[in-house]
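Notes follow the structure.
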Protein chains: 2
Amino acid sequence: MTSKIARFLREQAPPTPCLVVDLDRVAASYRALERALPLARIYYAVKANPAAEVLRTLVGLGSSFDAASEEEVMACLAVGAEPAKISYGNTIKKERSIRRAFEAGVRLFAFDSEEELEKLARAAPGAQVYCRILVENEGADWPLSRKFGCTVEMARDLMLKAAGMGLDPMGLSFHVGSQQTNTIAYEAAIAKVAMLFTDLTERGVNLRMLNLGGGFPARYRKPVPGIDTFGNAIHQALVKAFGNAIPEIVVEPGRFIVAEAGVLAAEVVLVSRKAKDDPVRWVYLDVGRFSGLAETEGEAIKYRITTPHDGKAKGPVAIAGPTCDSVDTMYEKSGYQLPQALKAGDQVLLHATGAYTTTYSSVGFNGFAPLKDYYV
Amino acid sequence: MTSKIARFLREQAPPTPCLVVDLDRVAASYRALERALPLARIYYAVKANPAAEVLRTLVGLGSSFDAASEEEVMACLAVGAEPAKISYGNTIKKERSIRRAFEAGVRLFAFDSEEELEKLARAAPGAQVYCRILVENEGADWPLSRKFGCTVEMARDLMLKAAGMGLDPMGLSFHVGSQQTNTIAYEAAIAKVAMLFTDLTERGVNLRMLNLGGGFPARYRKPVPGIDTFGNAIHQALVKAFGNAIPEIVVEPGRFIVAEAGVLAAEVVLVSRKAKDDPVRWVYLDVGRFSGLAETEGEAIKYRITTPHDGKAKGPVAIAGPTCDSVDTMYEKSGYQLPQALKAGDQVLLHATGAYTTTYSSVGFNGFAPLKDYYV
């Protein structure tokens, strides 16, 4: 936890649950990524945390932005981002949303299907478009399955069609899955997409950009490789694939930029056992899967938790949220241990919670208010 | 779909996604349950749909209310529910929330642990309390696991303790899991809890109430047994267990009351294939798991979907939401088929969506607004 966050929690004692984000830490992560990948333009994935304070900090650092919706495009423009620095990166867009983004000056759009290309040709004539390719997500804690991207063969067809439709097919993209802890995923994807890149270039398509997506991991319970490790592996894979003709490189980090900048303060509502001799205690917090911790689904993201009793004897726990829905259980199988002294009313801290928390909150499931957030 | 909903959608053409709920249908379900279980007092589970219009309709019908939080207690009071008709049914409550509900006149509280009983004794002295027992959830499409309830042995100890703490231990409860399609679950649970009921009564505890929880199913893709089937099975199980000394019976239906009263209108944003020869099309809607369809997690609740092309040739589809999160996929393995003619811009209807949709919506994941709802 940064000293700014500690001071804020101490001096303000805000009601829980709440998230406190240190904007200096956001800036530090941005700069670390810039240093690790000097070739790449950074498009911050707005969906990770779209707070105006975060966006404004990144505008100040010269960041570009990856928007998932018309609303996110407008949020970037509202804090002063130039339209030329915004990519509308969702492959699933209503035609009227494409039109509004185009009218607002956005010129870069993702696609992965014929129908989307037709919408782009109608609503964003002349725009730069890039096709998203399906790649393996092995090694990712939050894999992206088959929902996004198309096969290399289909991408080839669509990219060849795009120019004839009045669009500028300028790039290719992929995504190795979020919280990707293995550099091999990037190396394999770069090699795969580079073959198509070369193929299309030889067929006369004026390709200039390769978008490596996001996925760079944050540190949760376990250590992860540093960003330099990813930077080096990616650089080597690019040199291997493209020699001295490396195209413009784009990355779309979200989690890496904001996760570790945030700490979520929560209150223990209840500590109980299901039977007298049950070694496992159930610890119920005032935050859960429907008020910010959506990424604990399937126990995928395992947040580090600290308590006022750390250092004292610990025991196994299941950890759940405050609602009457049993799906609102964060951890039952991940081997969490918390102090035996923990009791209702204690404040606990969930670390590295700056990404994918606030906007996932439900509007009021079971009557509980959305997660409140502060930026310091 | 009811004629009132059809007319509203036709005449108002509201922007999608949106939910339209027919309040007459809410009232009809309430009355059907009253007829099927004449012995029971109905405590509507507010969390299923806490809209003021729904609560007001049920107040008018004489319903009682099961609240999951202080906020839900206040929502009931705000539309004119009497505090004596409100049960604070969540076993996980902050002490200050118990106190506020008690100060507002609520006298009935659930618990399943010693720590909760201590909180109740301090914050709601003299209140009526009931203990929730862990029972099997087999047969439920949305089972409730081990998050709630305690063993019979622990319940016995806690109920015996409660009187000495200045509380009125007046009942026992269980929950067979939501969307429970098997009457055996109720029969088995009643038999199990009745033994404890008798045991405690013999030990001098003045038990008067048995709370059967909710769980009564709505009709989604497949037919479910009618409410009379549940009513008969429950009545027989009660007679078998209690003879002519059946205690006051409480039920807490949520889904059964509101699900079938609602229709969700959505727009197809994109229809695509991952490869040219892939038989499966991906259909992306403007509503997804983070804007109301949370219960499609694990493909648990399978909504019936109708389109403008019904009757024409169909083919297999995966169905996903509009966000850049691949977890936002509703159906990939449930064998959904939709018309081949389906395309971007078409409006589709998801039926029986009146329960567990609106308040599950995220505040704005990926920038998308929460689900809008209308009551007609």
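The values are calculated or read from the model by the stated rules, or taken from the named source; none is laboratory data. Computed from a prediction, not measured in an experiment: that's the story for all the values here. Quick reminder, even Gly has a Cβ in these numbers, built from the backbone with ideal geometry, and neighbours come from all protein chains shown. All accessible areas refer to the heavy atoms of the entire protein, side chains included, with ligands and DNA or RNA removed. Shrake-Rupley method; radii C 1.70, N 1.55, O 1.52, S 1.80 Å.
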For the range B:116-147, residues shielded by at least 20 square angstrom of accessible area compared with the chain on its own, probe 1.4 Å:
B:LYS119, B:TRP142, B:LEU144, B:SER145, B:ARG146, B:LYS147
List the residues of the range B:328-376 for which accessible area in the full set of protein chains is at least 40 Å² lower than for the chain on its own; 1.4 Å probe, protein heavy atoms only.
B:THR359, B:TYR360, B:VAL363, B:PHE365, B:ASN366, B:GLY367
Please express the Cα-Cα pair-distance distribution P(r) of the range A:82-202 as a list of whole percents, one per 10 Å bin, running from 0 to the bin with the greatest distance.
14, 43, 32, 11
Work out from phi, with θ = phi - 60° and the Karplus expression 6.51 cos²θ - 1.76 cosθ + 1.60, the ³J(HN,Hα) of each residue of the range B:265-281, listed in order in whole Hz, and give x for Gly and Pro.
9, 9, 10, 6, 8, 7, 10, 9, 10, 7, 8, 4, 9, 6, x, 8, 8
Over all distinct Cα pairs, what is the inverse of the mean 1/r for the range A:89-135, reported as the Kirkwood hydrodynamic radius in Å?
10.4 Å
Give me the distance in nm between label points sitting 7 Å out from Cα along the Cα-to-Cβ direction at A:ALA245 and A:ASN206, one decimal.
1.6 nm
Given 5 Å bins starting at zero, what is the percent of C-alpha pairs of the range A:1-76 in each, up to the one with the largest pair distance?
3, 14, 23, 19, 17, 13, 8, 2, 0
In the range B:1-150, how does Rg compare with the Kirkwood Rh, expressed as the Rg/Rh ratio over alpha carbon atoms?
1.03
Length gained when the stretch A:MET74-A:ARG304 is fully extended (0.36 nm per residue, less Cα-Cα span)
79.4 nm
Suppose the chain between B:MET165 and B:LEU61 were pulled fully straight at 0.36 nm per residue; how much longer would it get relative to their current alpha carbon spacing?
33.8 nm
Rg and Dmax in Å for the range B:260-375, alpha carbons only: what are they?
13.5, 44
Here the net charge surrounding B:VAL21, from other residues whose Cβ is less than 15 Å away from its Cβ (Lys, Arg +1; Asp, Glu -1), is +1
Loop GluC sites (Glu not before Pro), the range B:118-175, which have at most 13 other Cβ atoms in a 10 Å radius of their Cβ (DSSP)
B:GLU138
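Per residue, how much accessible area does the protein assembly as shown show when a 1.4 Å probe rolls over the protein heavy atoms, in square angstrom?
Accessible area per residue: 35 Å².
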Interface B/A, total buried accessible area with a 1.4 Å probe, nearest 100 Å²?
5700 Å²
I'd like the trypsin sites (Lys or Arg not before Pro) in the range A:314-344 restricted to DSSP loop residues with at most 16 other Cβ atoms within 10 Å, sorted by number.
A:LYS333, A:LYS343
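Holding the Cα-Cα limit at 30 Å, pick out from A:LYS94/B:LYS333; A:LYS47/B:LYS93; A:LYS372/B:LYS372; A:LYS302/B:LYS343; A:LYS94/A:LYS240; A:LYS94/A:LYS222 the pairs that are longer than that.
Flagged as over cut-off: A:LYS47/B:LYS93; A:LYS302/B:LYS343; A:LYS94/A:LYS240; A:LYS94/A:LYS222.
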Ellipsoid semi-axes in whole angstrom, largest first, where each is sqrt(5λ) of the Cα gyration tensor of the range B:62-143:
22, 18, 10
Positive minus negative residues near A:LEU61 (Lys, Arg vs Asp, Glu; Cβ under 11 Å)
+1
Rounded to a whole number, the mean other protein chain Cβ count within 10 angstrom for residues of B:269-281 is 6
Return the carbon/sulfur percentage of the accessible area of chain B, one whole number, probe 1.4 Å, all protein chains in place.
51 percent
Taking the label point 7 Å from Cα in the Cβ direction, how far apart in nm is B:ALA52 from each other copy of itself, listed shortest first?
2.8
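Rounded to whole Å and ordered largest first, report the semi-axes of the equivalent ellipsoid of the range A:173-244 derived from its Cα gyration tensor (root of 5λ).
In descending order, the three semi-axes are 27, 12, 8 Å.
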Taking N as the number of residues in the range B:23-258, the ratio of its alpha carbon radius of gyration to 2.2 N^0.38 Å works out to 0.95
Measuring label to label, 7 Å along Cα→Cβ, what does B:MET1 give against each other copy in nm, shortest first?
5.2
Copies compared at A:LEU160 - label distances in nm, ascending, label defined 7 Å from Cα in the Cβ direction
8.1
If I model the protein assembly as shown as equal point scatterers sitting on the Cα atoms and use the Debye formula, what is log10 I(q)/I(0) at q = 0.05, 0.09 Å⁻¹?
-0.27, -0.84
Below 8 Å between Cα atoms, with a sequence gap of 6+, how large is the relative contact order for the range B:260-375 in percent?
37 percent
Of B:VAL73, B:VAL263, B:VAL280, which is the most mobile in a GNM of chain B whose springs link Cα atoms less than 10 angstrom apart?
B:VAL280
Per-residue ellipticity at 222 nm for chain A, helices alone: DSSP H runs ≥ 4 residues times -39500 (n - 2.57), over residue total, nearest 500 deg cm²/dmol?
-9500 deg cm²/dmol
Please identify, among A:GLY354, A:GLY231, A:GLY243, the residue showing maximal mean-square fluctuation in a Gaussian network model of chain A using a 10 angstrom Cα cutoff.
A:GLY243
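Could you work out the Kirkwood radius for the range B:196-310, taking every pair of different alpha carbons, averaging 1/r and inverting it, reported in Å?
Averaging 1/r across every pair of different Cα atoms and inverting gives 18.5 Å.
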Can you give the net charge of the other residues whose Cβ lies under 14 Å from the Cβ of B:GLY262, counting K and R as +1 and D and E as -1?
0
Pairs of alpha-carbon atoms within less than 8 angstrom and 6+ residues apart define the contacts here; what relative contact order does the range B:23-258 have, in percent?
22 percent
